[in-house]
């Protein structure tokens, strides 16, 4: 009994708000996306009211809300443009950093004095002699200079 009374008291304001809500409109923009709003867009042609409520906002309030929504969309578009522009060079920078780290690691291994090797066409290891080691060290230093600017 107490639970029913509690639920009734809790659901009464929700149902009253639903009755007093304004109209809800559905429309498609030029890109074909579906939008739902309590205000129809000023320039839309195919607008359908989905639900009619008890109280509609005054005409001046409707225009202000439409202007606010348009300003919000313009701000959001500018933020998206800035975000896209800032990410244009990101993959190249990350790739250059990855190659820099790899070249520095190879150079450190070559200069450490440990035995260095390369793989031949059969996939077998061939250890480098001193001349080959110097050539690899020179090429690796050039790679470090190229990628670690």
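The values are calculated or read from the model by the stated rules, or taken from the named source; none is laboratory data. All values reported here derive from a predicted model rather than from experimental measurement. Every residue, glycine among them, receives a Cβ derived from its backbone with ideal geometry; neighbour counts consider all protein chains shown.
What do you reckon, is residue 134 farther than 30 Å from residue 41 by Cα, surrounded by 11 or more Cβ atoms within 10 Å (Cβ to Cβ) and at pLDDT 85 or above? Judged against the criteria, residue 134 is a match.
Count, please, the residues in segment 45-67 that happen to be at pLDDT 65 or above, in a loop (DSSP other than H, G, I, E, B) and surrounded by 10 or more Cβ atoms within 10 Å (Cβ to Cβ). I'd like the intermediate steps shown before the answer.
In the first step, residues of segment 45-67 are kept if they are at pLDDT 65 or above; the result is 45-50, 60-67.
Subset that is in a loop (DSSP other than H, G, I, E, B): 45-47.
Subset that is surrounded by 10 or more Cβ atoms within 10 Å (Cβ to Cβ): 47.
Of the residues in segment 45-67, 1 are at pLDDT 65 or above, in a loop (DSSP other than H, G, I, E, B) and surrounded by 10 or more Cβ atoms within 10 Å (Cβ to Cβ).
Within the option set 126, 111, 81, being surrounded by fewer than 14 Cβ atoms within 10 Å (Cβ to Cβ) and touching a residue at least 24 places away in the same chain (Cβ under 8 Å) holds for one residue only, 111. Evaluate the following for residue 93: is it assigned to a helix (DSSP H, G or I) and within 18 Å of the chain's Cα centre (by Cα)? Against the criterion (assigned to a helix (DSSP H, G or I) and within 18 Å of the chain's Cα centre (by Cα)), residue 93 does not qualify.
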